[in-house]
Amino acid sequence: QASEPEWTYRGERVPFAANTPTVADLRAGVDVSGGSIPIERSRAAVFLDSGGADTISRPGASTLMGDLLLERLRRSKHPYPYVHLSYPDAGHTFGMMYLPGPIAASGGGTEEANVKAGADSTPRLFAFLERNPEREA
């Protein structure tokens, strides 16, 4: 668990929300906005995927966070398409396309569930990107 932000923007550390809220906290609406990306201000289509057995975060948290992000997009009447694919038995790294088995099983989930989630989500991601090309700022 990092205690300092790992990401920077123009040489400055980007604020981040610590990975300490529990799934119950997230369901209860705990404020993690201090490090939350203002996704509702994006000017792009949004594609999210998550694994319910993600152990980098905690089981169930990644999927719940994805659902909460989509709720923010709905509430803000986000004008661009958005989707969240959730795979209950997959872990953290299934979205890293075509990785060998030992890597695909890191971060939780089973190798089989991660491979299946990757095989399902990868063509769906490419189709989403094809339907929603980059827009000029």
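Helices (runs of 4 or more DSSP H) fully within the range 1-118 that include at least 1 residues being over 26 Å from Pro133 (Cα atoms), modelled with pLDDT under 90 and β-branched (Val, Ile, Thr): 23-28, 101-104. Just one of the numbered conditions (1) open to solvent by less than 60 Å² (accessible area, probe 1.4 Å); (2) under 21 Å from Ala127 (Cα atoms); (3) over 12 Å from the mean Cα position of the chain (by Cα) is not true of Ser76: (2).
Looking across the range 54-73, the residues that are open to solvent by 30 Å² or more (accessible area, probe 1.4 Å) and over 11 Å from the mean Cα position of the chain (by Cα) come down to Thr55, Ile56, Arg58, Pro59, Glu71, Arg72.
The values are calculated or read from the model by the stated rules, or taken from the named source; none is laboratory data. Just so it is clear, the model here is predicted, and its values are computed rather than measured. Heads up: the accessible areas ignore ligands, DNA and RNA and are worked out on the full protein's heavy atoms, side chains in. Shrake-Rupley method; radii C 1.70, N 1.55, O 1.52, S 1.80 Å.
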